[in-house]
C-alpha cells in the first residue's frame, strides 16, 4: 500500500502569494521568485549565527517550491485579537526587530540579486526585512518570536525597518482608518516602539522622513502589482486601499511636527 502523503494546509495572510503558501507537517512550502536564492543565502546566514527568529531554509521540493521550517505560533491576521494590540506585544516586536538587525549585520549581501532596494539614504547598511506587517510576525504567548515572509528583504537599513514597523504597528495613519483598540494611542505607541528598539540619535532624527517615504515605497509596490493584474493586489487596491494610501500620505505631510514631537 503506498505511503499516504501529508495533507497541504493553506496558511492565512499576505497578498502576493495568497492561497499559495501551505503547511505540510513541520514545513512550509512557498513559490520561488527570481530573488529567492538571495533569501535562501540570508536564511542560511541567520541559522549559522544562531538566530532563531526566522524560518530555516530546508531546500526545494519536487514542485519547485522552497521548503522552510514551520514556526509554531500565531501570526496576526484580521480580525485582530486583543492580545496582538497590547503594548507588551508592540514592545516584543521592537525587540525582535532589533535582534534580527544584530544577527544580519554580519551578512554580506553583495553576491546576490535582491528585490528593489529602499530609496537613498535608507539603503545599503544591512539587509532589512522591509515588510514587518502584522501578519509577518509570529507570536507565542503574546510575545513576538519570529519574522516570516522575506519576499521584499534587501539592502536597506535599520531606520527603514523601524519606520516601516512603527508605521504599521502603532499604527501611524488618520484616526478614521483605525477601527480597533489602537485608536487615539498611535502617537504614544509610536514613541513606545521606538524607545523599545533603541535607535541612535541620528536614526531617531531620520524616522519621520523614513516613515513617509516607506509608506510611499510600499504602496508603489502595491499599485504597480495591481496595474500588472495581480489578482490579490487588484482586489486590495480597488477595495479602498488607494484612497487610504492617499489620505495617509497627506496625514504625514500635515502632521510632520506632531510626529517629531512624539519622539522628543
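The values are calculated or read from the model by the stated rules, or taken from the named source; none is laboratory data. Values in this document were obtained by computation on a predicted structure and should not be read as measured data. Here the Cβ is made from the backbone with ideal geometry for all residues, glycine too, and neighbour counts use every protein chain on show.
Can you tell me which residue in segment 103-112 is nearest to the chain's Cα centre (by Cα), limited to those that are exposed (fewer than 15 other Cβ atoms within 10 Å of the Cβ) and in contact (Cβ under 8 Å) with a residue 24 or more places away in the chain? By that ranking, first place goes to 106. Just one of the listed residues (229, 181, 223) is closer than 27 Å to residue 35 by Cβ, modelled with pLDDT under 95 and not in a helix (DSSP H, G or I), and it is 229.
Check segment 248-259 and report whether any residue there is within 18 Å of the chain's Cα centre (by Cα) and either in a helix (DSSP H, G or I) or in the same structural domain as residue 168 (by TED's automatic domain parsing) (or both). Among the residues of segment 248-259, not one is within 18 Å of the chain's Cα centre (by Cα) and either in a helix (DSSP H, G or I) or in the same structural domain as residue 168 (by TED's automatic domain parsing) (or both), which makes the answer no.
Conditions (1) in contact with a strand residue (DSSP E or B) (Cβ under 9 Å, 6 or more places away or on another chain); (2) surrounded by 14 or more Cβ atoms within 10 Å (Cβ to Cβ); (3) farther than 27 Å from residue 236 by Cα, marked per residue:
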site: 22; (1), (2), (3): yes, yes, no
site: 38; (1), (2), (3): yes, yes, yes
site: 49; (1), (2), (3): no, no, yes
site: 52; (1), (2), (3): yes, no, yes
site: 57; (1), (2), (3): yes, yes, yes
site: 64; (1), (2), (3): no, no, yes
site: 79; (1), (2), (3): no, no, no
site: 85; (1), (2), (3): no, yes, no
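For segment 105-121, which residues satisfy the criterion of being out of contact with any strand residue (DSSP E or B) (no Cβ under 6 Å at 6 or more places or on another chain) and under 20 Å from residue 206 (Cα atoms)? Within segment 105-121, 119, 120, 121 meet the criteria. Only residues that are under 30 Å from residue 181 (Cα atoms) and without any contact (Cβ under 8 Å) to a residue 12 or more places away in the chain were counted in segment 47-78, giving 1. Given the conditions (1) in contact with a helix residue (DSSP H, G or I) (Cβ under 6 Å, 6 or more places away or on another chain); (2) surrounded by 16 or more Cβ atoms within 10 Å (Cβ to Cβ); (3) free of Cβ contacts under 8 Å to residues at least 60 places away in the same chain, report the number of the one that residue 260 does not fulfil. Looking at each condition in turn, residue 260 falls short on (2). Here residue 200 fulfils each of the conditions (1) out of contact with any strand residue (DSSP E or B) (no Cβ under 6 Å at 6 or more places or on another chain); (2) surrounded by 20 or more Cβ atoms within 10 Å (Cβ to Cβ) apart from (2).
Taking the stated definitions as given, is residue 191 in contact with a helix residue (DSSP H, G or I) (Cβ under 9 Å, 6 or more places away or on another chain) and assigned to a loop (DSSP other than H, G, I, E, B)? So residue 191 fails the test.
Out of 139, 150, one residue alone is in a strand (DSSP E or B), buried (at least 19 other Cβ atoms within 10 Å of the Cβ) and assigned by TED's automatic domain parsing to the domain that holds residue 203. It is 139.
Note on segment 145-175: residues that are more than 16 Å from residue 207 (Cβ to Cβ) and touching a residue at least 60 places away in the same chain (Cβ under 8 Å) amount to 11.
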